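Structure first, commentary second.
The values are calculated or read from the model by the stated rules, or taken from the named source; none is laboratory data. Remember, it's a predicted structure, so these values are computed and weren't measured experimentally. Note: ideal-geometry Cβ built from the backbone for every residue, glycine included; neighbour counts use all protein chains shown. Areas reflect the complete protein model, heavy atoms only, side chains present, ligands, DNA and RNA absent. Shrake-Rupley method; radii C 1.70, N 1.55, O 1.52, S 1.80 Å.
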Amino acid sequence: MTMCPLEKPPTGGPTKDEILAIALQKLGLHPDDIFADIGCGTGKVTITTSPLVSEIHAIDVREEASRWTEQEIIRLNIRNVTIHHKDAVEVLSSLEKLDTAFVGGSRNLTDVLFHLARLRVRTVVISAVLLETLNSAIKTLQEYEMFHEVIHIQVSKSMPLAGGIMLKPIDPVYLIIGGRKE
């Protein structure tokens, strides 16, 4: 059975370039890493990290997100990605090794972080826009002695106004960074 291609990306993304640049720097990816893009959405993080790591698990419970990401990796001929149209907890509980992870969604966040702690990930970067997600991520990472730092990012972009240029802020984002202690 052939699925019809999706014409528009799923809601909730993609991760803005400026946020992704900081997240990538904080992830500290290595060529031999096994990486998880949890809540992969449009696949932007998966696509960007694909040449930087050996293997990627792109995970999203939403069918349209999984299908969109799959379409994109096929279109770009990316071969080191496994798409999981499942709950992240289910996928993570089945893995034996994972080095790094980007969490772009807040669904079951405490359970996701439990499994990332169990897998002893070197680095996890969680992107959050809700204060409740920020609070939950910090608290849970602290419980597992994995908390490193929070970065509040406020980006403004130029746009024309009355013959001039103004800077218009986009929504602020929090990146919560954690991982195993060395």
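For the reader, a short list of remarks on this structure follows.
- A simple charge model with +1 on the Cβ of Lys and Arg, -1 on the Cβ of Asp and Glu and nothing else charged puts the dipole of the stretch 63-155 at about 240 debye relative to its Cα centre.
- Hits among lysines - C-alpha to C-alpha of Lys181 under 24 Å, sequence gap 8 or more where chains match: Lys26, Lys97, Lys139
- A straight Cα-to-Cα reach below 22 Å connects Lys157 with the lysines Lys16, Lys44, Lys168, residues fewer than 8 places away in its own chain not being considered.
- Solvent exposure ordering (accessible area, 1.4 Å, most first) of Phe114, Phe147: Phe114, Phe147
- Whole-percent carbon and sulfur share, accessible surface of the chain, 1.4 Å: 54 percent
- Stretchable slack from Ser93 to Lys181, in nm (0.36 nm times residue separation minus alpha-carbon distance): 29.5 nm
- Helix-only [θ]222 nm of the chain, DSSP H runs n ≥ 4, -39500 (n - 2.57) each, per residue, nearest 500: -9500 deg cm²/dmol
- Nearest-10 value in Å² for the accessible area of Lys181, using the 1.4 Å probe: 110 Å²
- Computed over protein heavy atoms with a 1.4 Å probe, the accessible surface of the chain works out to 55 Å² per residue.
- Distance between the 7 Å Cα→Cβ label points at Ala162 and His30: 5.5 nm.
- Dipole orientation for the stretch 80-182: of the candidates Ser93, Ser136, Leu161, Leu161 has the Cα lying most toward the positive pole (charges on Cβ; Lys, Arg +1; Asp, Glu -1).
- For a label point 7 Å along the Cα-to-beta-carbon line of Glu149, residues of the stretch 28-64 with backbone N under 17 Å: 28-29
- Calculated log₁₀ intensity ratio I(q)/I(0) where the Debye formula runs over C-alpha points of the stretch 9-90, q = 0.16, 0.17 Å⁻¹: -0.54, -0.61
- When nucleic acids and ligands are ignored and a 1.4 Å probe is applied, Met166 ends up with an accessible area of around 60 Å².
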